[in-house]
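Each remark here refers to the structure printed beneath this line.
Laboratory data are not the source of any read-out in this text; all were calculated from the coordinates shown. The model shown is predicted, which means the values in this text are computed figures rather than measured ones.
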Amino acid sequence: MSDQSELPPVRSFWYWVLFRGCLLWGVPCCILLAALRYASGQTTFMAGVIDALPFGMLGGVIYGMGAYGYKLHQAAKHRIKLRKNEDGQ
């Protein structure tokens, strides 16, 4: 277990936007949208993936930026909590 007095590491902005956002959130959304369009008979699956790619990547960027901001907020709250604990002792 980690010590309560150390801060958790915060990964870089680009990790959250490109990896967590675009790759882990955007690509599955593209595949899901393509599968829905294919199931409804509007297009072929690969054409649906290519059509949905910009929307999935844009959604992934927005998700990644939001997740990064949330992680920074949680780290700041933890840092403030540690300072209060150090001052109280």
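Computed quantities for the displayed model
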read-out: Relative contact order for segment 13-83, counting Cα pairs under 8 Å that sit 6 or more residues apart, in percent; value: 44 percent
read-out: Stokes-Einstein D for the chain, Kirkwood Rh over Cα pairs, 10 °C, 1.306 mPa s (µm²/s); value: 104 µm²/s
